[in-house]
Amino acid sequence: MTNHNQYVVDRISAHESWRMFHIMAEFVEGFDALAQYHPAVSIFGSTRAKPEDEVYQRAERIGQLLAENGFSVITGGGPGVMEAANKGASSAGGKSIGLNIELPLEQKPNPYANITLKYRYFFVRKVMFVKYAVAYIILPGGFGTMDELFESVTLIQTHKIKPFPVILVGSNYWKGLLDWIKEVVVKEGRVSQEELGIFQLIDDPEEIVKTIKKTVIL
């Protein structure tokens, strides 16, 4: 190996070592910050929802009710559904937490998260969402929202985490996906009928909070 090649290898190795320390630092900061906000509910949904949209208003109401019932609210800290849920929790005097992610097109933290943490790495942030949650609430959203949905279902399915409520909100939005899972995935034996019980579909904010309270000792 030439001296130049060895230099390149050493530089890459040093860079990867410092990256490891940065990842560890994000984990430690998250663990220290979030442990005090139990019980918390993680809420997911589209960044593109506007205040006049029904999904935004429903997320805001859910955040408000959760805070009024003693739950901290965790979101991704950005706009849309995240902003709405943080706004609802904050308006009720609750702990409104935003786990913001650094992106090439900067995602600005919404102004309603009264506790904000910043993450460089998606996978560290995803651990924080699930580690401190007693429930997931999934409102209409895109790829990121579906990623969080299916990751949580998979972790429960494989017994990597204790079961908790995974609640889909928006019957019309999720109907096509749920029909496909039932009519194709289950019928072909890829998922069992019992495993469909990992998540449930509830539209009413009051009923959502009642469902979560049944499984959590405050």
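Every number here is computed from the coordinates shown, using simple stated rules; none is lab data. This one's a predicted model, so the numbers in the text were calculated from it and none came from an experiment. Methodologically, a virtual Cβ is constructed for each residue, glycine included, from the backbone with ideal geometry; neighbour enumeration extends over all protein chains shown.
Worth a mention:
- Cross-link partners of residue 87 among lysines, defined as those whose alpha carbon lies under 16 angstrom from its own and excluding same-chain residues fewer than eight positions apart: 50, 95, 108.
- Put simply, when 40-46, 52-58, 191-197, 109-115 are sorted by average Cβ atoms within 10 angstrom per residue, most first, you get 40-46, 109-115, 52-58, 191-197.
- Sorted by Cβ density within 10 Å, fewest first, the residues 159, 38: 159, 38
- Sorted peptide list for 67-80, 19-32, criterion being average Cβ within 10 angstrom, highest first: 67-80, 19-32
- Exposure proxy order (Cβ contacts within 10 Å, fewest to most) of 66, 139: 139, 66
- Label selected from (i) 0.95; (ii) 1.05; (iii) 1.00, the criterion being Rg/Rh (Cα atoms, Kirkwood Rh) as computed here: (ii)
- On Cα atoms only, tilt of 143-157 relative to the major axis of the chain in degrees: 80
- Candidate aspartates and glutamates - alpha carbon under 12 Å from residue 187, same-chain residues fewer than 8 apart omitted: 179
- Dipole of the chain, positive direction: furthest Cα of 163, 80, 43, with charges on the beta-carbon: 163
- Listed by chain and number, the lysines placed with their C-alpha closer than 17 angstrom to that of residue 162 are 126, 131, 213, 214; residues fewer than eight positions away on the same chain are left out.
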